[in-house]
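Colleague: Take this structure first; my questions come after.
The values are calculated or read from the model by the stated rules, or taken from the named source; none is laboratory data. Keep in mind that what you see is a predicted model, and the values were worked out from it rather than measured. Glycine also receives a Cβ, built like all others from the backbone with ideal geometry; neighbour counts cover every protein chain displayed. When the accessible area is computed, the model is the full protein with side chains, heavy atoms only, and any ligands, DNA or RNA have been set aside. Shrake-Rupley method; radii C 1.70, N 1.55, O 1.52, S 1.80 Å.
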Amino acid sequence: MARLLVVHHSPTDTVRSLTDAVLAGAHDDAIEGVEVVVRGALEARADDVLAADGYLLGTPANFGYMSGALKHFFDRIFLEAGGALGDHGSAASAGGGRRPYGLWVHGRYDTTGAVRSVTSIVGALPWVRSAEVLEVIGEVGEAERAAAYELGGTLAALIAT
């Protein structure tokens, strides 16, 4: 059975509503052969990443960056999960396998820096973005929850066996 790892930091009701919709989409009854593993960003480990066939990441936009919890996740797992470093110690383009990932970000005013920070780190992992980034600014309504549901379903369907 394929494994989809969902790593998120959902400290507010608005971010949590997106997380819940992503999880509902990943558990859609039409998708078979996928185990969905959910970890808070402060709980997820490199073993979780290595055991997964695809990834969904969720974060609020905090001060123009991803949440500190999601950054801490990347700091802990990066090298063990196949992250690539250049000669000067900076993130480099990863080679090898290309496991699919998706991302959702919620911000009150802007999500640009948070998206950029996640995608620059993930670019140095053996992952490939397999769905449009879901960027939600302000209140979360039915349209945003529907897009989150679709994101979860898309990633689960991509890795379904």
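Colleague: Just to be sure before I move on: is Ile159 closer than 22 Å to Ala46 by Cβ and modelled with pLDDT of 95 or more in the structure I sent?
Modeller: Against the criterion (closer than 22 Å to Ala46 by Cβ and modelled with pLDDT of 95 or more), Ile159 qualifies.
Colleague: Here's a follow-up. Out of the residues in the stretch 80-125 that are among the acidic types (Asp, Glu) and modelled with pLDDT of 65 or more, state the one that is least open to solvent (accessible area, probe 1.4 Å).
Modeller: Asp110
Colleague: If a residue has to be surrounded by fewer than 18 Cβ atoms within 10 Å (Cβ to Cβ) and of a type in the set (Ser, Thr, Tyr) to count, how many in the stretch 134-161 make the cut?
Modeller: Adding up the residues that qualify gives 1.
Colleague: Could you tell me which residue of the stretch 30-61 is nearest to Gly138 (Cα to Cα), considering only residues that are buried (at least 18 other Cβ atoms within 10 Å of the Cβ) and out of contact with any Phe, Trp or Tyr (no Cβ under 9 Å at 6 or more places or on another chain)?
Modeller: Among those that are buried (at least 18 other Cβ atoms within 10 Å of the Cβ) and out of contact with any Phe, Trp or Tyr (no Cβ under 9 Å at 6 or more places or on another chain), it is Pro60.
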